[in-house]
Structures are given as structure tokens and as C-alpha cells.
Amino acid sequence: MGILNSEPLRRGRTLKSDVADALAEELAQIGARSVLDIGCGGGAIAARLAARGFAVTGLDPSADQVARARALLPGATIHQTGAEALPPGIGRFDAAILVNALHHIPAEHMRAALQNALSVLEPGGRLILCEPAAAGSFFRVMQPVEDETDVRQAAISAVNALLADRMAELMELKRWDRESSFDGLEGFVAYLVKVDPARAARAERNRAALRRAWRENIELRDGRAVLVQPIICWVLRPAA
């Protein structure tokens, strides 16, 4: 594990929670009501936050994901756009969240995405970033299908640079281990392919390495294979 990953993992306050619960707890603590979910995907996190009473607006560059999010959240506004180019007049929010999203943004646009997220915050607002570290059994099994070491490191570097340039202030740093369970290797591959269909061909092409990584990293629990992904979470506010 590189130093960019190990430092926030070492410093972060460890939580026993899943992403949606941790976000809801943080949003409640700051008194947030309106939330911009940047890179909302199919709307799973947004739906859970909406069920807790938050007014969620989403955006995602994928037309398919936006369609899913709109179907899941028929009363919400979901924009089809990338984080580096927010729609004009999108409004202001008590909080903005990027959940497993920053490392999917091209590295050259990560800085703009973070600055855009900070720019739409109401006074006292917070930007909450949740990113997977390049570590853990989930990451290791995924590597033969897609090695995200560089993009995950780039995301952490972008956050570090934002803080070093005093564009934002770190309010809290947290970490937790996300556990995922699967009936078998094919279920894991299906999970990856749902996010990116192009992974199907890579999974088949690297099947031998994938099987080996699966055998070496899974933990069997109640007949299911459990994989662990460390998550890093930064809570930021715009610099004064």
C-alpha cells in the first residue's frame, strides 16, 4: 500500500457502519437538509438518504445510470452531467457528497470537480468524500479485472492537493471496512460488470488470475464469500 493510501487509513477514525448510515449521521450532525449527490449512479445512496428525509439532487454522466436514478427517485431532480461541468443554476446545498465517484473522474478533471462541489455549498456547508483505498481483499480480487491502483491514488492526491492549497479545510477524517458477500465468483463478476459492462471481457480474458485471487482472498462465512474494502471518508468545508 502506497503512502497516499496508508496515511489517511492510519489517521482516520474507524467506524462500524455502512456508507449510507455514516453519511446520514454526518448530515444530521451538521443540520443538512439539501444534498447534492455527485456521481449518484443508479441512485441507491440517494434513495436511502431521501428515505431519511433529506432533499437529494443527483448528477451522473451516464444516461443509463440517470434513467435508473430517476426511476428510483421519481420526485428528485437528476441531472445528466459530469462533476467537472455543473449545470447552470443548479442551486446551493447544505452538503455535497461524492461516494466512490472521484476516482471515476479523469485525473485532469478531479480538481475542477472538487472545486465545483465546494462552490455550490451554502454557508456552513460540507463536502463529504468517500473513496475506496487501494487495499483490502475486495480490491485484490478486482485487480485482474480492473486494477484501480493509479486512479484511486490520483483521487487521494487530488484531495491532498486541495487541502495543501488551502482551498478547503479538513473537518474530520474517518475510515471503515465495507463488507460485501457473494454466492460465488460469478456473482462477484456480475457485480463488477453491472458498474462497467466492459469488465466482462477482461474478467473472461484474465479468468485464471481472477480465480487465483478469489481463492486467496475470500473469507467464507455462513456459506458465502466475504470480501472487505477499506473506505476513506473526508469531511471538508470551503476555506475561509
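Laboratory data are not the source of any read-out in this text; all were calculated from the coordinates shown. For clarity, every value in this text was computed on a predicted model and none was experimentally measured. Neighbour counts are summed over all protein chains in view; Cβ atoms, including those assigned to glycine, are modelled from backbone coordinates with ideal geometry.
Things worth noting here:
- As a calculated quantity, the FRET efficiency between ALA190 and ALA107 at R0 = 30 Å, using C-beta atoms, amounts to about 0.60.
- Compactness check for segment 80-224: Cα Rg over 2.2 N^0.38 Å is 1.22.
- Segment 30-129 shape via C-alpha gyration tensor axes, a/c threshold 1.5: oblate
- For the chain, the longest principal axis of the alpha carbon atoms and the long axis of helix 207-217 meet at an angle near 80°.
- Antiparallel %, DSSP beta bridges [both residues in the chain], to 5: 55 percent
- Under the Karplus curve 6.51 cos²θ - 1.76 cosθ + 1.60, θ = phi - 60°, whole-Hz ³J(HN,Hα) for segment 70-83, x wherever Gly or Pro sits: 5, 5, 6, 10, x, x, 9, 8, 10, 9, 9, 6, x, 5
- Estimated FRET transfer efficiency (ALA208, ALA51; beta-carbon r; R0 35 Å; 0.05): 0.25
- Extension gain for the segment LEU163 to SER119, taken as residue separation times 0.36 nm less the Cα-Cα distance, is 14.3 nm to one decimal.
- Modelled FRET efficiency - R0 35 Å, ARG33 with ALA71, Cβ distances, 0.05 increments: 0.90
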